[in-house]
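Below: one structure, written as structure tokens.
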Amino acid sequence: MRDDDRQCSRGRPVERLAAQPVLTTERLRLVQLGPEHLDASMAALADADAMRLTGTRGTFTREQVLAHLERLPGADDRADFAITLLDGTYLGEVVLNELEEDDLAMNYRVALAGPSLRGRGYGTEAGRAVVAWAFDEVGLHRISLEVYAFNPAAQRSYEKIGFVVEGRARDALLWDGVWVDAVRMAMLATDPR
């Protein structure tokens with residue numbers, strides 16, 4: 001029996017996603033993102049550079065963000081973690097979404113709340129913890145993402161976690177009149193971490 005055959009027999013990922021745990025690393029505590037993070041989430045959405053780096057367009061009202069945050073706890077098709085320091089200071093979020101249950105696959109994304117937090121290893125540290133949980137506890141086989149070509153720092157962080165480049169979507173985003181490629185990356189449960 002192959003390792004991935006055993007993994008497939010462990011039950012449904014939705015059961016483990018709904019019971020999202022608290023994850024702790026050397027510097028961070030990853031907790032369920034929820035309504036208690038509304039103010040910090042609104043502040044993060046006001047960061048124009050973060051919006052550009054993630055290709056996020058539009059504006060979101062406080063009511064829209066609150067409604068989204070209220071849906072997250074107990075969700076069985078995603079895992080949204082608030083990234084906090086051990087003292088509870090909010091740093092951002094790391095998310096597994098777009099569950100493809102038949103394929104044991106999900107999408108990954110991370111966003112830090114402000115330029116002063118970037119380049120300090122927080123996203124990499126949080127990502128390693130979430131990826132380990134997703135493969136070892138949830139039973140996923142594949143986690144994928146897209147990162148825009150104008151965000152090489154994020155691509156380096158993803159590579160440190162263990163993601164590998166699988167391809168490039170040319171002219172995937174039109175931002176401020178300029179076409180930007182999206183680099184497609186993924187990681188398998190069998191890949192080195």
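The values are calculated or read from the model by the stated rules, or taken from the named source; none is laboratory data. Everything quoted here is computed from the prediction, not taken from an experiment. Positions of Cβ are generated from backbone atoms using ideal geometry, with glycine treated the same way; all protein chains shown enter the neighbour counts. To get the accessible areas, we keep the full protein, side chains included, count just its heavy atoms, and leave off ligands, DNA and RNA. Shrake-Rupley method; radii C 1.70, N 1.55, O 1.52, S 1.80 Å.
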Residue match in the range 178-190 (condition: exposed (fewer than 13 other Cβ atoms within 10 Å of the Cβ), modelled with pLDDT under 95 and not in a helix (DSSP H, G or I)): no
Residue list for the range 134-149, filter: open to solvent by less than 20 Å² (accessible area, probe 1.4 Å) and of a type in the set (Phe, Trp, Tyr): Phe135
Matching entry among Ala169, Ala126 (being of a type outside the set (Lys, Arg), under 23 Å from Glu100 (Cα atoms) and in contact with an Asp or Glu (Cβ under 8 Å, 6 or more places away or on another chain)): Ala169
Subset tally (residues that are assigned to a strand (DSSP E or B), in contact (Cβ under 8 Å) with a residue 40 or more places away in the chain and not basic (Lys, Arg)) for the range 131-160: 4
Checklist (1) open to solvent by less than 10 Å² (accessible area, probe 1.4 Å); (2) not in a loop (DSSP other than H, G, I, E, B) applied to Arg128, failing item: (1)
Condition broken by Ala44, with the remaining ones in (1) in contact with a Leu (Cβ under 6 Å, 6 or more places away or on another chain); (2) touching a residue at least 60 places away in the same chain (Cβ under 8 Å) satisfied: (1)
Residues satisfying the stated conditions in the range 85-125, i.e. more than 22 Å from Met42 (Cα to Cα), open to solvent by less than 20 Å² (accessible area, probe 1.4 Å) and part of a helix (DSSP H, G or I): Thr124
Some residue of the range 95-115 being among the hydrophobic types (A, V, I, L, M, F, W, C) and on the phi > 0 side of the Ramachandran plot: yes
Verdict on Gln64 being polar (S, T, N, Q) and under 16 Å from Leu140 (Cα atoms): no
Flag for Ala153 being open to solvent by 40 Å² or more (accessible area, probe 1.4 Å) and either in contact with a Gly (Cβ under 8 Å, 6 or more places away or on another chain) or more than 19 Å from Thr54 (Cα to Cα) (or both): yes
